[in-house]
Amino acid sequence: MVTPPAVVFAAPASGSGKTTLTTGIMAALRDSGYQVAPFKVGPDYIDPGYHSAATGRPGRNLDPVLTSPDLIGPLFRHGAHECDIAVIEGVMGLFDGRIGSGDLAEGSTAQIAALLGAPVVLIVDVRGHSQSLAALLHGFATFDNRVRIAGVILNQVGSDRHEQVLREACDRAGMVVLGVVPRSDDVSLPSRHLGLVTATEHGGRADAAVAAMSALAQRCIDLGAVCRLARSSVSAQPWEPETALAGGYHTGGLRPLIAVAGGPAFTFRYAEHDELLRTAGGDIEVFDPLTDELPRGTAGIIMPGGFPELYADALAANAPLLRQVRSAAAAGIPIIAECAGLLYLSRMVEDYQMAGVIDCTAVFGKRLVLGYRDAVALADSLIFRAGERVTGHEFHRTYLREIPAAPAWGWRGHGGDMTREGFLSESIHASYLHLHPAGFPESVGRFVAAARAAAARATESGNAAAR
């Protein structure tokens with residue numbers, strides 16, 4: 001299997017236009033006939049949705065903190081299978097990552113570029129820049145010899161004279177200019193308290209925005225030069241769900257139906273999760289909690305992250321589903337809930353009634369809570385065993401007024417204080433913590449096994465009733 005070439009798009013800092021331009025480049029290459037493999041560095045769920053709209057393929061994440069550095073190459077090759085080129089959007093500034101994790105920060109765009117052996121194109125918002133741009137570019141290019149910056153895209157250029165001065169600065173720094181994007185507000189995506197509005201929610205306007213991004217990239221960026229500089233030195237075998245599960249799955253027999261919450265309120269999912277669920281022997285049906293009921297025959301429920309607080313009124317209005325979820329929980333149907341799912345299982349989100357499976361209420365806080373957490377399982381649960389350790393990611397602005405009686409996780413904060421978080425019961429695992437299932441595939445195998453047992457119980461109960 002041939003490893004496709006790759007190019008990483010990074011920036012000196014957040015807010016430089018990475019998402020707009022990288023998504024536009026993906027779409028423009030696809031419009032030119034390329035099969036493009038889209039990737040995002042870090043735990044972001046929103047940008048991959050736009051990447052998927054731009055390429056027609058699942059947007060995937062490369063996060064060495066949530067998985068491991070050793071899995072980056074295999075996950076890259078898995079996601080780039082049968083593609084002509086891989087395009088990777090960075091996170092924050094090029095060298096920004098987990099604080100205190102080393103000289104090449106763990107989870108940084110620089111670390112991903114080094115692990116893949118891929119060149120970096122630096123996107124610089126040049127508003128306010130002049131000759132001093134040369135010093136900035138020189139600093140980034142020479143900061144770490146494990147990272148090769150192959151060129152720069154000048155974003156938000158104010159005039160022809162401004163472009164001339166900036167090009168001279170790039171020449172002085174020995175940096176190839178791959179694109180010049182004029183100052184404009186024509187292409188933008190709506191944002192809110194947790195970031196961009198997801199492609200699922202944005203609907204047809206998202207497609208129009210992606211088309212505009214593609215046109216912008218075709219007009220302003222040398223796509224041929226980008227393709228010529230793309231490289232990758234990955235030689236690891238591709239990640240495969242069958243190998244990751246290491247025999248913890250069934251290829252025949254009863255396949256339980258896994259109901260996965262989707263739609264605008266529940267959009268935070270990794271592509272590898274569905275692949276692992278199916279390989280472990282489950283069948284997946286996505287339902288929208290805003291409008292749908294549980295699929296008939298549901299033997300397991302997954303409620304991923306998203307924005308339930310923004311749709312709390314509509315979620316509360318779908319009373320039949322709330323009753324079904326309460327009944328499923330009471331019947332021992334296995335349920336996994338992450339962040340948004342945790343809120344859905346609570347009694348209330350602000351003034352809106354939720355499922356009431358967990359005896360707690362959720363309200364908005366004053367600040368965004370985000371960051372990696374090194375957590376330990378506090379007790380045996382549906383998907384983890386007491387003492388097992390994970391690294392997950394928090395990303396929310398709500399909080400629970402009450403600490404559930406049986407928390408799922410414990411971790412120590414920067415001050416050394418122990419945080420206990422989440423909720424456990426025999427058949428429920430709910431938490432604010434987002435996990436990447438490729439980092440913990442055994443948890444997926446355990447969940448499908450529990451769903452299979454629930455399906456078998458339902459079948460036996462039905463047979464008993466028929467007798």
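Just to be sure I understand the rule: take each whole DSSP H helix in the chain, project its Cα atoms onto its long axis, keep it if the span is 24 Å or more and its mean Kyte-Doolittle hydropathy is at least -1.0. Which ones pass? Walk me through the numbers before you get to the answer.
Numbers: long enough: 199-220 (28 Å, 0.08); 441-466 (38 Å, 0.09).
Helices meeting the span and hydropathy rule in the chain are 199-220, 441-466.
Which percent, nearest 5, of DSSP beta bridges in the chain are antiparallel? Please list the in-between numbers first.
On the way: 27 of 71 bridges.
In the chain, approximately 40 percent of DSSP beta bridges are antiparallel ones.
Which trypsin sites (Lys or Arg not before Pro) in region 295-377 sit in a loop by DSSP (not H, G, I, E or B) and have at most 13 other Cβ atoms within 10 Å of their own Cβ? Walk me through the intermediate numbers first.
Values: sites: Arg296, Arg323, Arg326, Arg347, Lys366, Arg367, Arg373; in loops: Arg296, Arg347.
Taking region 295-377 and a limit of 13 other Cβ atoms within 10 Å, the loop trypsin sites (Lys or Arg not before Pro) found are Arg296.
Summing +1 for each Lys or Arg and -1 for each Asp or Glu, what net charge is found among the other residues whose Cβ lies under 12 Å from the Cβ of Arg347? It would help to have the intermediate numbers written out before the result.
On the way: positive: Arg326, Arg401; negative: Glu350, Asp351, Asp359, Glu402.
With Lys, Arg at +1 and Asp, Glu at -1, the neighbours total -2.
What percentages, rounded to whole numbers, describe P(r) for region 6-229 computed over all alpha carbon pairs with 5 Å bin width beginning at zero?
P(r) for region 6-229, in whole percents per bin: 1, 7, 16, 20, 21, 17, 12, 5, 1, 0.
Could you work out the relative contact order of the chain, using alpha carbon pairs under 8 angstrom and six or more residues apart, expressed as a whole percent? Don't jump to the answer; show the numbers that get you there.
Details: 1044 pairs, mean separation 64.5, N = 467.
Answer for the chain is 14 percent.
Return the whole-Å distance between the Cα centroid of region 147-168 and the Cα centroid of region 1-46.
Rounded to whole Å, the Cα centres lie 20 Å apart.
Give me the one-decimal nm value for the distance between modelled label points at Phe143 and Glu460, 7 Å along each residue's Cα-to-Cβ direction.
5.9
Hand me the GluC sites (Glu not before Pro) from region 378-467 located in a DSSP loop with no more than 11 other Cβ atoms within 10 Å, in residue order please.
Details: sites: Glu388, Glu394, Glu402, Glu421, Glu426, Glu442, Glu460; in loops: Glu388, Glu402, Glu426.
Of the GluC sites (Glu not before Pro), the ones in loops of region 378-467 whose Cβ has at most 11 other Cβ atoms within 10 Å are Glu426.
With only alpha-carbon atoms counted, please give the Rg and Dmax of region 240-399, in Å.
According to the Cα coordinates of region 240-399, Rg and Dmax are 16.1, 50 Å.
Only the coordinates and a few stated rules stand behind these numbers; no lab work does. If you're wondering where the values come from, they're calculated on a predicted model, not measured in any experiment. Glycine also receives a Cβ, built like all others from the backbone with ideal geometry; neighbour counts cover every protein chain displayed.
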